[in-house]
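A.B. asks: One structure, pasted below without further comment.
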Amino acid sequence: MAEKKPSILNRLRNMTDTNLLLTITIVMFFLMYIGAIVFQGKGFLKPQTFFNILNANAALIILSVGLSIVMISGSIDISVGGVTALVCMSCAVHLDYKGGNVFTAFLLALGIGIAFGFIQGILIAYLDIQPFIVTLAGMFFARGMTTIVNTNPFNVENPALVALKDTRIPVPFLGSYNKLGEYINAYVEIGALVAVAVVLILFFVLRWTRLGRNFYALGGNRQSALMLGINVKRTKFYAHLLCGFLSGIGGFVYFLHVGSGAPTHAAGAEMNAIAASIIGGTLLTGGVGNVIGTFFGVLSLSTIQNIVNSAGLDDAWWTGITIAAMLCLFLVIQSLVLSRKKKK
Amino acid sequence: MHSLINKICYSFSILGLMLTLLACTPGQYSNSVSQNNEENPQDVILVGFSQLGAESDWRSANTVSMKEAFSSDEKYRLVFEDGQQKQSNQITAIRKFIQQEVDYIILAPVTEEGWDTVLQEAKEADIPVILVDRMISCQDDSLYTCFVGSDFELEGYKLTEWFNSYVTSMRINASDINIVNIQGNIGSTAQIGRTEALREAANKYGWNLLDERCGEFTETKGKEVMTAFLQEYDNINVVYCENDNEAFGAISAIEAAGKKVGPNIERGEIMVLAFDGVSEKAVSYVKEGKITCIAECNPLHGPRVHSIISTLGVGGTPDKISYVDEGIITANTSVKTVTVNDKDYQVTILDKE
Amino acid sequence: MSENVVLELKNIRKRFGPVQALKGVNFKLCEGEIHALMGENGAGKSTLIKVLTGVYTKDEGSIHMKGYDGDIAIHSPQEAQDAGISTVYQEITLCPNLSVAENMYIGRGKEIIQNWKKMNDNANKILESLDIPTSATTQLANCSIAVQQMVAIARAVDMDCKVLILDEPTSSLDDQEVAKLFKLMRDLKARGVGIIFVTHFLDQVYEVCDKITVLRDGVQEGEYKTEELPRLQLVSKMLGKEIDDLSDIKNDEAIMQDTNEENVIETNQLTSTSGISPLDFYIKKGEVNGFTGLLGSGRSECVRAIFGADKVVGGTIKKNGKLVKINKPIDAMKAGIAYLPEDRKVDGIIGDLSVRENIILALQVLEGFWKPFTRAEADDFAEKYIKLLGIKTASADTPIKSLSGGNQQKCIVARWLLTHPEYLILDEPTRGIDVGTKVDIQKLVLKLASEGMSITFISSETDEMLRTCSRLIVMRDRKVVGELTGSDLTQNKIMSVIAGGDK
Amino acid sequence: MKKNSFISKIAGNRILIPIVALLILAVFNFIADPSFFKITLGYNNLGNPVLSGYLITILDYGSELAILALGMTLVTAASGGQDISVGAAIAIAGSAMLRVLCGADGRAETLQTPIIVAFLIAVVIAMAFGAFNGILVAYFKIQPMIATLILFTAGRSIAAWINNNQLPIVNDQGFTVFGGFIPGIPIPTPFFIAAACVVVIMLVLKFTNLGLYTQAVGINESSSRLNGLNPEFIKFITFVILGICVAVAALIKVSRLSTINYSVIAKDIEMDAILAVALGGNSLSGGKFNMWASVLGAYVIQFLTTTLYKFNVQSDALPAYKAIVVIILVIISAPTVREWMGNMWTRMNEKKDAKEAKVNG
């Protein structure tokens, strides 16, 4: 039965939820970007602005991807922000006072991330405790430990790290001319490359590996996953372990970007990561979501903040309100998409 | 079908609530810069201002003065960015200004180090950078065009000199003066200058400086730090606060602990010295004698920066460092003038209530 | 094991605490055969399926499969699948968010990397061979329930299963979907797959099954070829009554009805979201009537419509002649209707609350938010009914979940009696209860009826209904197919109406 | 049946957990420094008698938490989740109160409106935001924690927006009474306010069916629907009641400093509120609750906080210790762990019985 040429609407209807929400996110992102260009004038036309957004949000992208994986498998992890702050402070102290080098600092970051992922994974997967309570405690534990490691914020003087922080990877032929007519190359920070790599690798894991598909099955229907022969406990444990691992990497990338340790680092990052995942098309009920969508979700968040800022609402408190408004808008869109599906 | 319909109408009610929050911008916002969206015509000068946060009355007064200075003059358009106490936000803001090819960048740096790379980018983009309120430490000081702000060390010396002349006039011997210092954000120019002045005066005149702890320039942290001091030491008779808000916190902590705040140390009162003197509450506390003396720190940098930018506009070169003039206010009549490295400063005496 | 028997169960026993669910069941399934497994509530049918699929592990007995010698131990769904036993449950255990192809292959392969192209091609090949109208890449949620079931079957077939268990597959399908399913089952039969078909729709059994096994309270009542077992005899075997020795037990206490009495409750053309066909029903003061019919024939859905438990979409209800608006349970309660739900665990008890709180709950809601009972009032309400119904509980404060099934049921009955309803609906009040409590409840029903309360009594054990009801409404496939009063109240009359006509 | 009696004794009266925790802390402090329990009667700067000492600070600073614990217990019981936006909601209510009291420019010398009017406006606003959470949870069926996440993110920004980020200060001495002392009465007023709230809630529980309905909905929603209750409305109401508690807590918090700092006021108080409910032995997934135990749990947490302060633990480091306490509590009450403890106990019994049998066999 050859399928007749499906009309756009028809193809839209029987698209999988994941792809449908993904297209919504990408379309929304481009609309916003065009809106930003209108509002902000020529600043947004230059590619370097896009790379600046990418550099500033590299760590948030990695954290959001970790969070999306956990949300796809039907759980949640709000300790990523706290872990990031702890990683920054520990690496800073390790480098400046303990005389470690950048590589050992990176290992330390991974160690902290994996430790959090491991413990929280055990508590949630095997002891069956509510994920929100475990990770809420994890967040507060991490925030508390950050100040215990070192009370005052301080900038890292370790030359190797400062050099790493300021390295500029030129992006060929995407530069722009400044007022003096000189040609300045567009550049990207190391963190941005790591973030893009993480997104691509995770996209591959979720799309093509057995573990990735098990995450989706687990999120779709936990009881069915059990009956279909998937080891539900182990899969959920791996999800949290992976999220912990990624918050370790994200923490280190944030450390590279900021180059200092402070208790208030990445404050609210977990909320932004959840908002970015939902805007990126990850369903709260689990089973639906895509890391590419989350990548655009993070970029949409910072673009909308740029728009709101340049529209004159430039006080700090507008960022919180815009994120909450976006979160609410996309929650409503998701519930409409879900109910349209259920009605069929 | 019914459940879907009521779900939709609920969702629109929620959406409505959120949009009303966004849309009905409050009245007083209108006096800040009104944004015209059409492509800015060539002659409007674009000025990017990266403020470091909104942690104290002084800071809010500073922000308002900046915004007013540039909104009243339609030749300029101010793009304001709030760094929320984080250097990373301010760096991102400056990079955004560079992309928008602003004509001038005004920066109130939250800390002194870590600005070389981003200011180098601004220099390459040929955008002059004017520092406000706090200094930065960098190898090549051509990275910034000029600095407008207070000479914090001078403020510190004025206050400590006033305190010294007050102590000698009341014939209190230096050894039984026990001072605690509630510091501002560690690493900010204000904190460094004011703490340095106190340390120098303490070992010059022989006061014993019991303890120094960071109060983050806020009232809540100030109160917390003062409560901890009072529990650890019971012989405190002078509190040196590095801004108004910390003083308010310290005073409420002292009163909560059942002690009395006032100038006469010998009768067991605790003397409070402070900086800024911006809010009416601070002035009224001075009149009531709750705060014995305040070294003023003038937040109104708007007009000074505006004049610098107009001189730059016509090709002139403003002087590198320019300090705003500041005085000392107290309700205590015993000291009239203060001399710091042989320069006299007038003390304004407020009539006591 | 003779050559073409693919699965044999010998003396399977399983107990849950005091209740003996399976008392030594023997069962044989041959290759290329559709074998119906039938039995009323509590016959152990679902327990047997769960033992076979590894959800429960059997206490005693052995399971033999063709190609394996000795008893194969099944402790998890995974082991059952590996042994070649696949199951398609009524609520489809697949992942709606994944594509059709993924649902067929997830959880099986051992290889790390998933080859989408190979998977989709194989899936499409199988879908075409079984003539299932969907494609490998559509999301499962976008397919209809029937297609989803066929995908589950396709998954089982692709795991070259020798035994396929279909647990009530047709309960939510319409007629052409049922026909498509039967065509698929006949294809699999031709391929030599042994199919166990669990259903309660009689005409579907006669249409497609070769053999029928009847289970009754945990024992295999018998195995028959479909042609040799007429419908009437099948129903009698299921209900456990021999046709010939049935004496017409006339319940002597049945109160003769004076017909001119006003109807307490009267509904016409009542329909609800649960999909029952329009219901015309009436009940007089002091009358005990009953709904009977096989499991899933819509008995509960009718009374839930009357009580407002399911959203009413059409028709009206009159109480004592006056029109009454009922669309939520609270309206029904205010109109003096009480409803004892079928599933005690889910809809009846409030587990952690004490016996006292459970008993006074309904009356408390009627009293209203602002008028809570004092501890003394609540205590003597509870004590009164604990004594009246003989509820065995340590004290009125023990959480209700720690009571036995029978005592829990008595508490719920006490809860509704406390509201002194004019019309009491009891849905399967005696299911899963010791015989002693059953007799108490039946006596209580008759006593209450004599005091003027009109009662609807629903039970799957028809002899109970005969002893208590003066009028029986017979249901089949969500439709009222007959009403028996007076002299017709006999066992075989009921069965013939249930069996539908004289076949 | 020895196993059941022992386990049920522990699980039975859940109030045991806060009492045990209280004893541990009391003994620990007594050993460390007996002066902890010293209460002195001194005079504050305005010359009226003031009690001071660690116990007083516990009772004083624990009051906001106790009031919030009342509302949080009801929300947890009915919806099986917690409201993490209480901190942000306190900021909003406090900001609204100050906006009404100090007028637009936030510097008023005299109060623009009487305190009671400002408080009522704050109550209405807090109830409105509670209702917002209630609608998302009850009618949109969104998990309570995710639904309140929206207000958690936006709350402090909305609070800042209400006063356009100004930090208004109330100079009227009468206003500080709520957070400080009533002249002439040595006991801090917040303690009275908390006591009043507890009494009100207890009266409501006694003279209405709030308690019974909340628990019924929390334990088994479908069965309570069949008993005539409206589960959505009950869940919605618990969020609104929590809104009232938020407004009262905001009044105390703001009048302690007679000003407000949006990012710091009631920081991490949601963590303490959840900890109070858990410490009170109530299950965090809803159902039965014991209000007295939650209130006691709140004061136990304040006891823990004050003890940690005494050992000059940084205020920012506190969450780490509290997180550990929550994790231990949640592990102990997790069903799988209870089962495991149960079998461990029975195996121990069997070994003991076997030994006895061997001895006298």
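A.B. asks: Quick one: which strands (runs of 3 or more DSSP E) sit completely within region B:252-353 and have at least 2 residues that are within 14 Å of another protein chain (Cβ to nearest Cβ)?
C.D. replies: On the way: elements: B:271-276, B:293-296, B:321-323, B:328-330, B:337-340, B:343-349.
Fully inside region B:252-353 and qualifying: B:271-276.
A.B. asks: I've got another one for you. Any idea which residue in region B:292-306 is surrounded by the fewest Cβ atoms within 10 Å (Cβ to Cβ), counting only those that are over 17 Å from the mean Cα position of the chain (by Cα) and over 24 Å from B:GLY48 (Cβ atoms)?
C.D. replies: The extreme case among them is B:CYS293.
A.B. asks: Can you name the residue in region A:191-204 that is free of Cβ contacts under 8 Å to residues at least 12 places away in the same chain and within 14 Å of chain C (Cβ to nearest Cβ) and is also nearest to C:ILE112 (Cα to Cα) among such residues?
C.D. replies: Filtering first and then ranking leaves A:PHE204.
A.B. asks: Here's something else I'd like to know. Looking only at residues in region C:358-374 that are out of contact with any Lys or Arg (no Cβ under 9 Å at 6 or more places or on another chain) and assigned to a helix (DSSP H, G or I), which one is surrounded by the most Cβ atoms within 10 Å (Cβ to Cβ)?
C.D. replies: Step one: filter region C:358-374 for residues out of contact with any Lys or Arg (no Cβ under 9 Å at 6 or more places or on another chain), giving C:365, C:367-371, C:373-374.
Filter once more, keeping what is assigned to a helix (DSSP H, G or I): C:365, C:367.
Working: C:VAL365: 23, C:GLU367: 14.
If we take residues in region C:358-374 being out of contact with any Lys or Arg (no Cβ under 9 Å at 6 or more places or on another chain) and assigned to a helix (DSSP H, G or I), then C:VAL365 is surrounded by the most Cβ atoms within 10 Å (Cβ to Cβ).
A quick yes/no check of all residues on (1) within 28 Å of B:VAL118 (Cβ to Cβ); (2) more than 11 Å from chain D (Cβ to nearest Cβ); (3) buried (at least 24 other Cβ atoms within 10 Å of the Cβ):
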{"residue": "A:PHE252", "(1), (2), (3)": "yes, yes, yes"}
{"residue": "A:HIS257", "(1), (2), (3)": "yes, yes, no"}
{"residue": "A:GLU270", "(1), (2), (3)": "yes, no, yes"}
{"residue": "A:GLN334", "(1), (2), (3)": "no, no, no"}
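A.B. asks: Condition (residue is in a helix (DSSP H, G or I), among the hydrophobic types (A, V, I, L, M, F, W, C) and under 22 Å from A:VAL232 (Cβ atoms)) applied to region C:38-49: is it met by at least one residue?
C.D. replies: yes
A.B. asks: Which one of the conditions (1) within 14 Å of chain D (Cβ to nearest Cβ); (2) part of a helix (DSSP H, G or I); (3) under 20 Å from the mean Cα position of the chain (by Cα); (4) at pLDDT below 90 does A:THR285 fail to meet, given that it meets all the rest?
C.D. replies: Going through the list (1) within 14 Å of chain D (Cβ to nearest Cβ); (2) part of a helix (DSSP H, G or I); (3) under 20 Å from the mean Cα position of the chain (by Cα); (4) at pLDDT below 90, A:THR285 breaks only (2).
A.B. asks: Does region B:282-291 contain at least one residue that is crowded, with 24+ Cβ neighbours inside 10 Å and in contact with an Asp or Glu (Cβ under 7 Å, 6 or more places away or on another chain)?
C.D. replies: Yes, region B:282-291 contains at least one residue that is crowded, with 24+ Cβ neighbours inside 10 Å and in contact with an Asp or Glu (Cβ under 7 Å, 6 or more places away or on another chain).
A.B. asks: Being more than 10 Å from chain A (Cβ to nearest Cβ), touching a helix residue (DSSP H, G or I) at 6+ places or on another chain (Cβ under 9 Å), buried (at least 19 other Cβ atoms within 10 Å of the Cβ) and among the polar types (S, T, N, Q) narrows it down to one of C:SER99, C:SER129, C:SER86, so name that one. Step through it out loud before you land on a result.
C.D. replies: Details: C:SER99 fails: more than 10 Å from chain A (Cβ to nearest Cβ); C:SER129 fails: buried (at least 19 other Cβ atoms within 10 Å of the Cβ).
Criteria check complete, one pass: C:SER86.
A.B. asks: Of all residues in region D:53-71 being within 13 Å of another protein chain (Cβ to nearest Cβ) and over 17 Å from D:PHE178 (Cα atoms), which is modelled with the lowest pLDDT? Walk me through it before giving the result.
C.D. replies: Just the residues of region D:53-71 that are within 13 Å of another protein chain (Cβ to nearest Cβ), to begin with: D:53-54, D:56-57, D:60-61.
Narrowing further to those that are over 17 Å from D:PHE178 (Cα atoms): D:53-54.
Numbers: D:GLY53: 79, D:TYR54: 82.
So, considering only residues that are within 13 Å of another protein chain (Cβ to nearest Cβ) and over 17 Å from D:PHE178 (Cα atoms), the one modelled with the lowest pLDDT is D:GLY53.
A.B. asks: Considering only region B:45-71, state which residues are surrounded by 23 or more Cβ atoms within 10 Å (Cβ to Cβ), more than 14 Å from chain D (Cβ to nearest Cβ) and of a type in the set (S, T, N, Q).
C.D. replies: Listed by number, the list holds a single entry, B:SER50.
A.B. asks: The conditions are (1) surrounded by 13 or more Cβ atoms within 10 Å (Cβ to Cβ); (2) modelled with pLDDT under 85; (3) touching a Leu at 6+ places or on another chain (Cβ under 6 Å), and D:THR336 fails exactly one of them. Which is it?
C.D. replies: Every listed condition holds for D:THR336 apart from (1).
A.B. asks: Return the residue satisfying two criteria in turn: it lies in region A:306-318 and is closer than 15 Å to A:GLY35 by Cβ and within 12 Å of chain D (Cβ to nearest Cβ), and of such residues it is surrounded by the most Cβ atoms within 10 Å (Cβ to Cβ).
C.D. replies: Applying the first criterion (closer than 15 Å to A:GLY35 by Cβ) to region A:306-318 yields A:306-313.
If we keep only those that are within 12 Å of chain D (Cβ to nearest Cβ) as well, we get A:308, A:313.
Working: A:VAL308: 18, A:LEU313: 20.
Filtering first and then ranking leaves A:LEU313.
A.B. asks: Out of the residues in region A:162-174 that are of a type outside the set (Val, Ile, Thr), within 12 Å of another protein chain (Cβ to nearest Cβ) and surrounded by 13 or more Cβ atoms within 10 Å (Cβ to Cβ), which is nearest to B:ASP116 (Cα to Cα)?
C.D. replies: Residues of region A:162-174 of a type outside the set (Val, Ile, Thr): A:163-166, A:168, A:170, A:172-174.
If we keep only those that are within 12 Å of another protein chain (Cβ to nearest Cβ) too, we end up with A:163, A:165-166, A:168.
Now drop any that are not surrounded by 13 or more Cβ atoms within 10 Å (Cβ to Cβ), which leaves A:165-166, A:168.
Working: A:LYS165: 12, A:ASP166: 10, A:ARG168: 15 Å.
This residue is A:ASP166.
A.B. asks: Here is a follow-up. Quick check on region B:72-128: of everything there that is of a type in the set (Gly, Ala, Ser), under 19 Å from A:PRO153 (Cα atoms) and at the interface with chain A (Cβ under 9 Å from one of its Cβ atoms), which residue is surrounded by the fewest Cβ atoms within 10 Å (Cβ to Cβ)? Steps first, please.
C.D. replies: Residues of region B:72-128 of a type in the set (Gly, Ala, Ser): B:72, B:83, B:88, B:93, B:108, B:114, B:122, B:125.
Those still in the list that are under 19 Å from A:PRO153 (Cα atoms) too: B:83, B:88, B:108, B:114.
Narrowing the set further to residues that are at the interface with chain A (Cβ under 9 Å from one of its Cβ atoms) leaves B:83, B:88, B:114.
Working: B:GLY83: 23, B:SER88: 20, B:GLY114: 24.
Filtering first and then ranking leaves B:SER88.
A.B. asks: Checking A:GLY100 against (1) surrounded by fewer than 24 Cβ atoms within 10 Å (Cβ to Cβ); (2) touching a helix residue (DSSP H, G or I) at 6+ places or on another chain (Cβ under 8 Å); (3) in a helix (DSSP H, G or I), only one condition comes out false. Which one?
C.D. replies: (3)
A.B. asks: On to the next question. Anything in region D:253-271 that is in a helix (DSSP H, G or I) and within 14 Å of chain B (Cβ to nearest Cβ)? List them, or say none.
C.D. replies: Step one: of region D:253-271, the residues in a helix (DSSP H, G or I) are D:253-257, D:269-271.
Across region D:253-271, the qualifying residues are D:LYS253, D:VAL254, D:SER255, D:ARG256, D:LEU257, D:ILE269.
A.B. asks: Can you tell me how many residues in region D:310-361 are within 14 Å of another protein chain (Cβ to nearest Cβ) and either among the charged types (D, E, K, R) or not in a helix (DSSP H, G or I) (or both)?
C.D. replies: Initial filter on region D:310-361 (within 14 Å of another protein chain (Cβ to nearest Cβ)): D:310-341.
From the residues that got through so far, the ones that are either among the charged types (D, E, K, R) or not in a helix (DSSP H, G or I) (or both) too are D:310-314, D:316, D:322, D:333-334, D:338-339.
Of the residues in region D:310-361, 11 are within 14 Å of another protein chain (Cβ to nearest Cβ) and either among the charged types (D, E, K, R) or not in a helix (DSSP H, G or I) (or both).
A.B. asks: Which one of these does B:THR220 not meet: (1) under 22 Å from D:SER315 (Cα atoms); (2) assigned to a strand (DSSP E or B)?
C.D. replies: (2)
A.B. asks: If you don't mind, there's one more thing I want to ask. Quick test of your reading of the structure: D:THR307 fulfils all but one of (1) more than 8 Å from every other protein chain (Cβ to nearest Cβ); (2) of a type in the set (S, T, N, Q); (3) under 27 Å from A:GLY121 (Cβ atoms). Name the failing condition by number.
C.D. replies: (3)
A.B. asks: Next up: Could you list, in sequence order, all residues of region C:299-339 that are surrounded by fewer than 23 Cβ atoms within 10 Å (Cβ to Cβ) and in a loop (DSSP other than H, G, I, E, B)?
C.D. replies: C:ASP310, C:LYS311, C:ASN320, C:GLY321, C:LYS325, C:ILE326, C:ASN327, C:LYS328, C:ALA335, C:GLY336
A.B. asks: Next question. For region B:187-211, how many residues meet the condition of being surrounded by fewer than 20 Cβ atoms within 10 Å (Cβ to Cβ), more than 14 Å from chain D (Cβ to nearest Cβ) and in contact with a helix residue (DSSP H, G or I) (Cβ under 9 Å, 6 or more places away or on another chain)?
C.D. replies: Of the residues in that region, 9 qualify.
A.B. asks: Restricting attention to region C:303-339, report how many residues are farther than 18 Å from C:PRO278 by Cβ, touching a strand residue (DSSP E or B) at 6+ places or on another chain (Cβ under 8 Å) and among the β-branched types (Val, Ile, Thr).
C.D. replies: Within region C:303-339, residues that are farther than 18 Å from C:PRO278 by Cβ, touching a strand residue (DSSP E or B) at 6+ places or on another chain (Cβ under 8 Å) and among the β-branched types (Val, Ile, Thr) number 1.
A.B. asks: Could you list, in sequence order, all residues of region D:154-192 that are touching a helix residue (DSSP H, G or I) at 6+ places or on another chain (Cβ under 6 Å), more than 14 Å from every other protein chain (Cβ to nearest Cβ) and in a helix (DSSP H, G or I)?
C.D. replies: Once the filter is applied, which keeps residues that are touching a helix residue (DSSP H, G or I) at 6+ places or on another chain (Cβ under 6 Å), more than 14 Å from every other protein chain (Cβ to nearest Cβ) and in a helix (DSSP H, G or I), region D:154-192 yields only D:PHE191.
A.B. asks: Looking only at region D:220-252, count how many residues are more than 23 Å from D:ILE142 (Cα to Cα) and either out of contact with any helix residue (DSSP H, G or I) (no Cβ under 6 Å at 6 or more places or on another chain) or not in a helix (DSSP H, G or I) (or both).
C.D. replies: The qualifying residues number 2.
A.B. asks: Hey, C:MET465 hits all of (1) under 24 Å from C:GLY275 (Cα atoms); (2) crowded, with 22+ Cβ neighbours inside 10 Å but one; which does it fall short on?
C.D. replies: Status for C:MET465: all satisfied but (1).
A.B. asks: Tell me, which helices (runs of 4 or more DSSP H) wholly within region A:1-75 include 3 or more residues that are modelled with pLDDT under 75?
C.D. replies: Numbers: elements: A:8-13, A:17-40, A:47-72.
Passing ranges, in order: A:8-13.
A.B. asks: Within region A:319-327, can one find any residue that is part of a helix (DSSP H, G or I), within 14 Å of chain D (Cβ to nearest Cβ) and closer than 27 Å to A:ARG213 by Cα?
C.D. replies: Applying the first criterion (part of a helix (DSSP H, G or I)) to region A:319-327 yields A:319-327.
Within this subset, residues satisfying the condition of being within 14 Å of chain D (Cβ to nearest Cβ) are A:319-327.
Still in the list and also closer than 27 Å to A:ARG213 by Cα: A:327.
Yes, region A:319-327 contains a residue that is part of a helix (DSSP H, G or I), within 14 Å of chain D (Cβ to nearest Cβ) and closer than 27 Å to A:ARG213 by Cα.
The values are calculated or read from the model by the stated rules, or taken from the named source; none is laboratory data. Worth saying up front: this structure is predicted, and the values here are computed from it rather than measured. Every residue, glycine among them, receives a Cβ derived from its backbone with ideal geometry; neighbour counts consider all protein chains shown.
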